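The values are calculated or read from the model by the stated rules, or taken from the named source; none is laboratory data. This is a predicted model, so every value here is computed, not measured. Every residue, glycine as well, gets a Cβ built from its backbone with ideal geometry; the counts of neighbours run over all protein chains shown.
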Amino acid sequence: MKVTNKDLECTLKILDELIEDYKDKTVFDKRNWRTYEQRFAERLQKAFTELQPLVQEAISSIKIVKTEFRGRNSSMTIEQKTLLVLLKHLISKSNRNMSVMLIVFSWLTKISVSYKTIERLYSDEEVVLVLNNLYFLMLRKKGIKTSDSCGDGTGYSLSIKTNYCAEAQKLKDNAKGINTKEYKKTKFIYSFTLMDIKTRMYIAFGTSFKSEQDAFFKAKQILIETKISLDSIRLDKYYSAQMYAELFEKQFLDIALFFIPKNNATIRGPWIWKRMLYHLITDPHTYLEEYYKRNQSESGHAEDKKRTGWKLGQKREDRVETANTLTVLWHNLAWLADA
């Protein structure tokens, strides 16, 4: 069967109705909260058990050669630094509060450092190397070589709190007609993750101060480094363009795309694009069933923000990237423990 631009145009006109019909006819399984909470607790418990051995294995493949001998040596080992920054991110405390809480932890660990030391861990080259190794190690442990994937972007706040005095004074000045000079600062960052639907592990991720698209391209670069092959991918309407179709076709020859076309879409384009539209026009129900597996990405982000919070609490670009990496690591660690 040959499809034309007229066929596509007719399908796009009734696409909203097709989506509504699909949702009405689809029966979604209700979550058993008792089972869900039990499995969540079991996964987290197993994740804590496996964390230290994984960190030790990630460190074992790194050889550090010192070229700078000035300054005093750190009071913590690389393992302690990595575990500390991971736990700090999970607890979602500020650097200052975490340094105070270490007094309690010191009863067991004998570690006591300032909040500045904790802050510097986010840009510590050794720690960043271990976190990077830890990410690839988890994917290897899970045995992901090919993937039916879905992707989505989200945002994280950078500020911990708004200064009340400054805001109150700003309101008073505005009431008096005084134009106070405001310095625009980035208040949030973009994050893009690509998830393996079967295991719910993040197989690629990216962080950007500029745009979600920039975060997407960074994630794509990490995907290349993982050497994981994509069998299929589901992305939202923002990525429904021939440019992205060509991008995936170039890297993965037989990949199946599941995008929702924009209203001005045409049949013209690469073969992979034509094949996607043919599937949508000839069998919309099956196509939408595959596309809406993308909801896994949205629920993954909700899960992450519930676990580690929606604020990263860092300002410097390199430290923000480390903070987002920690969010991804905790997500993957939780699902690594899943049977």
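For residues that are under 16 Å from Lys6 (Cβ atoms) and modelled with pLDDT under 90, scanning just the stretch 267-282, find the one that is surrounded by the fewest Cβ atoms within 10 Å (Cβ to Cβ).
Here the answer is Arg268.
Can you tell me which residues in the stretch 1-14 are surrounded by 10 or more Cβ atoms within 10 Å (Cβ to Cβ), in contact (Cβ under 8 Å) with a residue 40 or more places away in the chain and part of a loop (DSSP other than H, G, I, E, B)?
Val3, Thr4, listed by residue number.
So Leu137 ticks every box in (1) of a type in the set (A, V, I, L, M); (2) at pLDDT below 90; (3) surrounded by 11 or more Cβ atoms within 10 Å (Cβ to Cβ) but one. Which box is left unticked?
(2)
Show the residue pairs meeting these rules: Cβ distance below 6 Å; 6+ apart or different chains; first residue within the stretch 76-101 and farther than 24 Å from Pro53 by Cα; second residue at pLDDT 80 or above.
Pairs found: Asn95/Ile118; Asn95/Glu119; Ser99/Ile118.
If His285 satisfies all but one of (1) buried (at least 17 other Cβ atoms within 10 Å of the Cβ); (2) more than 24 Å from the chain's Cα centre (by Cα); (3) closer than 27 Å to His301 by Cα, what's the number of the condition it fails?
With respect to (1) buried (at least 17 other Cβ atoms within 10 Å of the Cβ); (2) more than 24 Å from the chain's Cα centre (by Cα); (3) closer than 27 Å to His301 by Cα, His285 is out only on (1).
Please name all residue pairs, on different chains or six or more residues apart, with Cβ atoms under 6 Å, provided the first residue is in the stretch 152-163 and is polar (S, T, N, Q) and the second residue is buried (at least 19 other Cβ atoms within 10 Å of the Cβ) and modelled with pLDDT of 90 or more.
The qualifying pairs are Thr154/Ser191; Thr154/His301.
Per-residue answers, yes or no, for (1) of a type in the set (A, V, I, L, M, F, W, C); (2) surrounded by 18 or more Cβ atoms within 10 Å (Cβ to Cβ); (3) modelled with pLDDT of 95 or more:
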residue	(1), (2), (3)
Asn179	no, no, no
Glu182	no, no, no
Asp196	no, yes, yes
Lys210	no, no, no
Ala219	yes, yes, yes
Ile222	yes, yes, yes
Ile233	yes, yes, yes
Asp254	no, no, no
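Condition test on Arg294, is it surrounded by 17 or more Cβ atoms within 10 Å (Cβ to Cβ) and either under 19 Å from Asp16 (Cβ atoms) or more than 25 Å from the chain's Cα centre (by Cα) (or both)? Please lay out each step first, then the result.
On the way: surrounded by 17 or more Cβ atoms within 10 Å (Cβ to Cβ): yes; either under 19 Å from Asp16 (Cβ atoms) or more than 25 Å from the chain's Cα centre (by Cα) (or both): yes.
Taking the combined requirement at face value, the residue satisfies it.
Would you confirm whether any residue within the stretch 310-332 is free of Cβ contacts under 8 Å to residues at least 60 places away in the same chain, over 30 Å from Leu8 (Cβ atoms), among the acidic types (Asp, Glu) and surrounded by fewer than 19 Cβ atoms within 10 Å (Cβ to Cβ)?
no
Please tell me if Arg120 is on the phi < 0 side of the Ramachandran plot, part of a helix (DSSP H, G or I), at pLDDT below 65 and among the charged types (D, E, K, R). Talk me through it step by step, then tell me what you get.
Numbers: on the phi < 0 side of the Ramachandran plot: yes; part of a helix (DSSP H, G or I): yes; at pLDDT below 65: no; among the charged types (D, E, K, R): yes.
No: the conditions fail for Arg120.
Pairs, please: C-beta under 9 Å, at least 6 apart or cross-chain, first residue closer than 28 Å to Thr282 by Cβ and in the stretch 15-40, second loosely packed, with under 10 Cβ neighbours inside 10 Å and at pLDDT 65 or above?
Leu15/Asn263
Among (1) modelled with pLDDT under 95; (2) within 28 Å of Ala41 (Cβ to Cβ); (3) in a helix (DSSP H, G or I), where does Gly313 come up short?
(3)
So Ala302 ticks every box in (1) assigned to a helix (DSSP H, G or I); (2) farther than 20 Å from Asp236 by Cβ; (3) small (Gly, Ala, Ser) but one. Which box is left unticked?
Only one criterion is unmet by Ala302, namely (2).
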